[in-house]
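K.L.:
Provided herewith is a single structure, encoded as structure tokens, for subsequent inquiry.
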Amino acid sequence: MAAGGAGGGGGRYRPARAAMEGSGPRVVAVGAGLAGLGAAQRLRGHGSLRLLEAAARVGGRVSSGLAEMGAHWIHGPSPGNPVFRLASQYGLLGPEAAREENQRVEGGGHPPLPSVTYGSSGKVLNAQAVREARDLFYALLASTRAFQGSKEPPWPSVGQYVRAEIARTVPTMAGGQEDARRLQLAVLAACLKLECCISGTHSMDLVGLEPFGEYVSLPGLDCTFPGGYSSLAERLLSDLPEGTVLLNKAVRTIHWQGSFREEGDGGGRVFPVRVECEDGDVFLADHVIVTVPLGFLKERHQEFFQPPLPERKAQAIRNLGFGTNNKIFLEFEQPFWEPEQQLLEVVWEDESPLEEPDADLEANWFKKLIGFVVLQPPEQHGHVLCGFIAGKESEHMETLSDAEVLSAMTHVLRTMTGNPDLPAPRSVLRSRWHSAPYTRGSYSYVAVGSSGDDIDVLAQPLHTAVGTAQGGGTADPLRGSPPQAPALIPRLSQPLQLLFAGEATHRTFYSTTHGALLSGWREAERLNQLFQAPVPAPQS
């Protein structure tokens, strides 16, 4: 437990439980998601390392309990995807994922699942009309890449641009037939909701148009982990020395730009960073890799870092977007869908992207639901549908009881199928990522007013200028300063005090597990290069 001084002075600290020992560099990673685990995987063999995880499990936003509550698919499972490579190396994927033809599929982030589209009139919608509207939407999305790097894009946001282009095509849509045109507009409104889930945002009006094209979709037919996505996190954990990861170890404050001395370490080793945990434990370190979600940083960065982060980095945290995408799992006694159907899409036929959506969350939150994926195979999962819902409606859903959510989902399915006697699901399970105190949402996006430069700023490590620091009046045996005078303490490890990883720090793969993993590897390599360099002599 912590003992002695606080602040940036030269106080002494007794080692925390599972103390970090040895004379080599000491590294602490905050968060044991894929970014933290990836950093630990690449850092082994350099000094001592601890991963401090607030939850009772590793994985972060990868969470496979009764169901995949977080990350669902490997997006772009092909040789260029490090998550796919690791999962293949560990033998965690099924035979379909290994097929080379599947690795070459260009899905553009939209997996081509065999689907059926239900309308709110209670019938299956015309497949050709749905396909035409969807093709138009995807063509408009693809055209946004033309504005990458533009100094004067036609609209600030993706949503505004797409709606303007839809309005321009309305006169010729569906051959001018009014009913068919209304249907295609309703399908386009549903496409925008789906894109909100993919982008992790409440509205595509919040997503910047100019930087939207920087995101890179990898080739490959999206696939899942037969044993759950968490099997990858657990395998990464098993490769680390026992005691490296400490669970239920939430961090309260990271004190950096300091000089902190630990008792029992030769009487005077000095560390530039002190990590203070919620339970009172303290870890002194040369380097701290911060992998917490952007949502947490948005809410807590001002008190989480002492001194506060430089304004440029704080502004990047404010500028970037971070939203909520939740899942609702419904278990049925028997399926009402056909065996070949893997996606049940939902379209409210009175909606249009050219009209303002209903703002009454309490009455109509469920209309933001984009539909349901059928969990495969049923022999493993039973008869389970997984619904996806994003934005403020998703956050409102988190405040409801299970009974209220189940009732709303039953209403949606009975409306869409036109069957008022459709049996209700026998159980419901849902994620609550916005309510999670150490997450506060799902994943990042590049918001209006931000750019990929903000991602790069967030990713940049922070240093302390080489030199000396004033202690807090404690006698310093290294320099023989008198007890009554502040001690000048040589900083022994000035560079790279704070490093930043996580999906929100990867400019082209933000919002993905492979972006998170790559960011952890990136920061580990940054430290590896430092450790191999000659250590500069302390200056006074």
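K.L.:
Which of the strands (runs of 3 or more DSSP E) found entirely inside region 253-346 contain at least 2 residues meeting this: within 30 Å of residue 72 (Cα to Cα)?
P.N.:
So the answer is 287-290, 321-323, 325-332.
K.L.:
Kindly indicate which of 107, 91, 80, 76 is within 30 Å of residue 228 (Cα to Cα), free of Cβ contacts under 8 Å to residues at least 40 places away in the same chain and not in a helix (DSSP H, G or I).
P.N.:
91
K.L.:
For region 359-375, how many residues are assigned to a loop (DSSP other than H, G, I, E, B) and surrounded by 14 or more Cβ atoms within 10 Å (Cβ to Cβ)?
P.N.:
3
K.L.:
Against the definition (modelled with pLDDT under 95, among the β-branched types (Val, Ile, Thr) and at negative phi), how does residue 117 come out, yes or no?
P.N.:
On the way: modelled with pLDDT under 95: no; among the β-branched types (Val, Ile, Thr): yes; at negative phi: yes.
Criteria not met by residue 117.
K.L.:
Evaluate region 444-463: report whether one residue or more is at pLDDT below 95 and surrounded by fewer than 22 Cβ atoms within 10 Å (Cβ to Cβ). Talk me through it step by step, then tell me what you get.
P.N.:
Filtering region 444-463 down to residues at pLDDT below 95 leaves 463.
Within this subset, residues satisfying the condition of being surrounded by fewer than 22 Cβ atoms within 10 Å (Cβ to Cβ) are 463.
Yes; the residues of region 444-463 include at least one that is at pLDDT below 95 and surrounded by fewer than 22 Cβ atoms within 10 Å (Cβ to Cβ).
K.L.:
Can you tell me which residue among 54, 71 is surrounded by 20 or more Cβ atoms within 10 Å (Cβ to Cβ), farther than 17 Å from residue 511 by Cβ and at pLDDT 90 or above?
P.N.:
Exactly one of 54, 71 is surrounded by 20 or more Cβ atoms within 10 Å (Cβ to Cβ), farther than 17 Å from residue 511 by Cβ and at pLDDT 90 or above, namely 54.
K.L.:
Right, something else. For the structure I just gave you, tell me whether residue 305 is out of contact with any Lys or Arg (no Cβ under 6 Å at 6 or more places or on another chain) and either β-branched (Val, Ile, Thr) or closer than 21 Å to residue 275 by Cα (or both).
P.N.:
So residue 305 passes the test.
K.L.:
Here's another thing I want to ask about it. Are any residues in region 280-306 open to solvent by 50 Å² or more (accessible area, probe 1.4 Å) and over 16 Å from the mean Cα position of the chain (by Cα), and if so, which ones?
P.N.:
Once the filter is applied, which keeps residues that are open to solvent by 50 Å² or more (accessible area, probe 1.4 Å) and over 16 Å from the mean Cα position of the chain (by Cα), region 280-306 yields 302, 303, 306.
K.L.:
Consider residue 170 carefully, then state whether it is open to solvent by 20 Å² or more (accessible area, probe 1.4 Å), in a helix (DSSP H, G or I), more than 22 Å from residue 212 (Cβ to Cβ) and not charged (D, E, K, R).
P.N.:
Values: open to solvent by 20 Å² or more (accessible area, probe 1.4 Å): yes; in a helix (DSSP H, G or I): yes; more than 22 Å from residue 212 (Cβ to Cβ): yes; not charged (D, E, K, R): yes.
Criteria met by residue 170.
Residue-by-condition table, conditions (1) touching a helix residue (DSSP H, G or I) at 6+ places or on another chain (Cβ under 9 Å); (2) open to solvent by less than 20 Å² (accessible area, probe 1.4 Å); (3) among the charged types (D, E, K, R); (4) in a helix (DSSP H, G or I):
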position	(1), (2), (3), (4)
134	yes, no, yes, yes
150	no, no, no, no
154	yes, no, no, no
174	yes, no, no, yes
184	yes, yes, no, yes
187	yes, yes, no, yes
192	yes, no, no, yes
196	yes, yes, no, yes
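K.L.:
I've got another one for you. State yes or no: is residue 136 touching a residue at least 60 places away in the same chain (Cβ under 8 Å) and within 30 Å of residue 385 (Cα to Cα)? Walk me through it before giving the result.
P.N.:
Details: touching a residue at least 60 places away in the same chain (Cβ under 8 Å): no; within 30 Å of residue 385 (Cα to Cα): yes.
No.
K.L.:
From 475, 533, 485, which residue is at pLDDT below 90, surrounded by fewer than 17 Cβ atoms within 10 Å (Cβ to Cβ), of a type outside the set (Phe, Trp, Tyr) and closer than 20 Å to residue 26 by Cα?
P.N.:
Result: 533 is the single residue among 475, 533, 485 that is at pLDDT below 90, surrounded by fewer than 17 Cβ atoms within 10 Å (Cβ to Cβ), of a type outside the set (Phe, Trp, Tyr) and closer than 20 Å to residue 26 by Cα.
K.L.:
I need the full set of residues from region 376-412 which are outside any strand (DSSP E or B), within 16 Å of residue 344 (Cα to Cα) and in contact with a Pro (Cβ under 8 Å, 6 or more places away or on another chain), in order please.
P.N.:
Selection gives 378, 409, 410.
K.L.:
Report, by residue number, each residue of region 194-208 that is in contact with a Pro (Cβ under 9 Å, 6 or more places away or on another chain) and either without any contact (Cβ under 8 Å) to a residue 60 or more places away in the chain or under 30 Å from residue 119 (Cα atoms) (or both). Give the derivation first.
P.N.:
First, pick out the residues of region 194-208 that are in contact with a Pro (Cβ under 9 Å, 6 or more places away or on another chain): 203, 205, 208.
Residues satisfying the conditions are 203, 205.
K.L.:
Considering only residues that are open to solvent by 60 Å² or more (accessible area, probe 1.4 Å) and out of contact with any strand residue (DSSP E or B) (no Cβ under 6 Å at 6 or more places or on another chain), look in region 399-418 and name the one that is farthest from residue 332 (Cα to Cα).
P.N.:
Step by step, filter region 399-418, then rank; the result is 399.
K.L.:
Also, quick follow-up: All but one of (1) surrounded by fewer than 17 Cβ atoms within 10 Å (Cβ to Cβ); (2) more than 22 Å from residue 114 (Cα to Cα) hold for residue 378; state the number of the condition that does not hold.
P.N.:
Every listed condition holds for residue 378 apart from (2).
The values are calculated or read from the model by the stated rules, or taken from the named source; none is laboratory data. Since the structure is predicted, the reported quantities are computational estimates derived from the model, not experimental observations. Don't worry about glycine lacking a Cβ; one is built from the backbone with ideal geometry, like all the others, and counts go over all protein chains shown. These accessible areas exclude ligands, DNA and RNA; they are computed on the full protein's heavy atoms, side chains included. Shrake-Rupley method; radii C 1.70, N 1.55, O 1.52, S 1.80 Å.
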